[in-house]
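Participant: One structure follows; several queries about it will come next.
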Amino acid sequence: MQKYKLTLIGLIVSIFVYVTTIALDLDLFEQFLLLLKNIEQYEFDELIVPLVVFFIFLYLDTRRRSKIIQVENEKLKIYKAMLISSHHILNNFIYQMDIFKLTAEDTPGFDAQTLAFYEDIVSNTSHKINSLSNLTTIDEFSIRTCVLNE
């Protein structure tokens, strides 16, 4: 019902105008023509066609922009959903790798430098994930720059 809210309002207004013109015996079209005849002396009638053309193109442009914005919002929703899913997968992986780290720390003779390298990898990965989450402009260049510059 929300999709056709304006259509429904237009239908109700149209029915109201129709019933009012029938009940009050008004002839709106003839009154409109009379108005046009009266304003002819002011040369406003030449503006009507250009204004109608302008408003048609204004409507078309507004509708086009609305569709573009709607598509961009859908892309943003998909990006955010994919990012949340990736966070979940990567966090599970990091937690599983923490089990590996605890086992490695308890293993005698395990190289401490390798554990430090592991910590750097986990920290860098977490930082990149957070950077992707905080992007303000969602486009290919921004995403690549965010990941590659870290």
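What follows is calculated from the coordinates using simple rules that are stated; it is not laboratory data. None of these values were measured; they are calculated from a predicted model. Note that each Cβ is placed from the backbone with ideal geometry, even for glycine, and that neighbours are counted across all protein chains shown.
Participant: What FRET efficiency comes out for ASN91 versus GLU140 if R0 is 22 angstrom and r is the Cβ-Cβ distance? Round to the nearest 0.05. Can you show the working numbers first?
Facilitator: Details: r = 25 Å, r/R0 = 1.14.
Step by step, r from the Cβ atoms, then E = 0.30.
Participant: Continuing with this model, one more query. Once each part is reduced to its C-alpha centroid, what is the distance from the range 1-49 to the range 80-150 in angstrom?
Facilitator: Computed from Cα coordinates, the inter-centre distance equals 64 Å.
Participant: At 7 Å along the Cα-to-beta-carbon direction for both ILE12 and ILE121, put a label point, then send me their distance in nm to one decimal.
Facilitator: So the two model labels end up 6.4 nm from each other.
Participant: Also, I was wondering about something else. So which aspartates and glutamates can LYS37 reach, going by Cα to Cα under 13 Å and dropping same-chain residues fewer than 8 places off?
Facilitator: Leaving aside aspartates and glutamates fewer than 8 places away in the same chain, those within reach of LYS37 are ASP45, GLU46.
Participant: If the reach is capped at under 19 angstrom between alpha carbons, list the lysines near LYS75, excluding any in the same chain fewer than eight residues apart.
Facilitator: Partners found: LYS67.
Participant: Related question: Under 15 Å from a point 7 Å along the Cα-to-Cβ line of GLN2: which residues of the range 62-95 have their amide N that close?
Facilitator: Counting backbone N atoms under 15 Å from the label point, the list is 70, 74.
Participant: Turning to a different aspect of this structure: In nm, give the distance between the simple-model label positions of SER133 and LEU28, each being 7 Å from the Cα along the Cα-to-Cβ direction.
Facilitator: Once both label points are built, they end up 5.6 nm from each other.
Participant: Here is a further query. If the only charges are +1 at each Lys and Arg Cβ and -1 at each Asp and Glu Cβ, what is the size of the charge dipole of the chain around the Cα centre, to the nearest 20 debye? Kindly include the intermediate steps, with their values, before the conclusion.
Facilitator: Numbers: 13 positive and 19 negative charges, 70 e Å.
Rounded to the nearest 20 debye, it is 340 debye.
Participant: Please list, or write none, the lysines whose alpha carbon is within less than 19 Å of the alpha carbon of LYS80, excluding same-chain residues fewer than 8 places away.
Facilitator: Candidates past the 8-residue exclusion: LYS128.
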